[in-house]
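Contents: one structure, followed by commentary.
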Amino acid sequence: MRSAKPRTAAIIALLILVWGVAPAGAAPLAPGGLLFPAPLEAQPTGGVVIASSIQPIVAPTYTANLVTTVIQGDTSNLLGGLTFTYEIQGVAGTESINRLSILGYDNILVDASYRLPAPGAIPPAFYDREMPGDALGISFAGPPIGPGPVQPGQSSATLVFQTNAPAHVPAQAFLIDGATTGVITFAPIPEPATLTLCGMGALGLALAYRRRRAKS
């Protein structure tokens, strides 16, 4: 049976050609967007950690920890809200980690980047975001796209997402190594004004639907 890996790499390469190359510093990650390569930047700067977690990841073929921090007052965050960082630490077992997906980013402005906390940390190949905007994707693709997955004995770079969100809530993340494993993390809550606008939009759609039905 023919391997799907070359086909996947070709699709990703085509997307990269369409979307272009990301700038050197943190860059916006809009719904439906792609950042390649993932931007490297020495941030966040200052601020106070208001929440953190170390969640064990236990899969049939590997174990690791997902370390999350939520930072308030990061002076490099031009969006003015909370900064979220994620790091995969201490992978052990027989499989490597190819991708991390984090849920809960709908209706949020996001600037994405990463930093290398220590020599040997594995940087992401690219960032992507699903069209509705809810899920952020971090790929650790191998050559020719990126340096490769997070192998046993390794840890990832610190993945940095600066937002306009004023608060945070528990959320889900998923790690992929061929199988998918879920873990609890933190994600942002939209500003009250954003939630109000979304609610008004939903109400407007409902009213329009009722009027259309009444006419018919």
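The values are calculated or read from the model by the stated rules, or taken from the named source; none is laboratory data. Nothing here was measured: the structure is a model prediction, and the numbers come from that model. A quick note on method: Cβ atoms are made from the backbone with ideal geometry, for glycine too, and the neighbour counts reach across all protein chains shown. Protein only, heavy atoms only, side chains kept; ligands, DNA and RNA dropped before computing areas. Shrake-Rupley method; radii C 1.70, N 1.55, O 1.52, S 1.80 Å.
Could you pull out every one of the strands (runs of 3 or more DSSP E) wholly within the range 126-216 that has 3 or more residues that are of a type in the set (A, V, I, L, M, F, W, C) and either open to solvent by 40 Å² or more (accessible area, probe 1.4 Å) or modelled with pLDDT under 95 (or both)? Show your work before the answer.
Details: elements: 126-129, 136-139, 158-163, 167-176, 180-189.
The strands (runs of 3 or more DSSP E) meeting that bar are 167-176.
If a residue has to be outside any strand (DSSP E or B), of a type in the set (S, T, N, Q) and more than 18 Å from the chain's Cα centre (by Cα) to count, how many in the range 36-79 make the cut? Give the steps one after another, and end with the answer.
Taking the range 36-79 and keeping what is outside any strand (DSSP E or B), we get 36-39, 41-47, 59-61, 73-79.
Checking the rest, the ones that are also of a type in the set (S, T, N, Q) come to 43, 45, 61, 75-77.
Then drop every residue that is not more than 18 Å from the chain's Cα centre (by Cα), which leaves 45, 61, 75-76.
The total comes to 4.
Count of the range 1-35 residues, restricted to those that are outside any strand (DSSP E or B), of a type outside the set (Gly, Ala, Ser) and at pLDDT 95 or above, is 2. Does at least one position in the range 86-100 carry a residue that is open to solvent by 10 Å² or more (accessible area, probe 1.4 Å), at positive phi, polar (S, T, N, Q) and in contact (Cβ under 8 Å) with a residue 40 or more places away in the chain? No, the range 86-100 has no match at all.
Working only within the range 54-85, note down all residues that are open to solvent by less than 20 Å² (accessible area, probe 1.4 Å) and polar (S, T, N, Q). Working first, answer last.
Going residue by residue through the range 54-85, those that are open to solvent by less than 20 Å² (accessible area, probe 1.4 Å) are 57, 59, 62, 64, 66, 68, 70-71, 74, 77, 81-85.
Passing the criteria: Thr68, Asn77, Thr83, Thr85.
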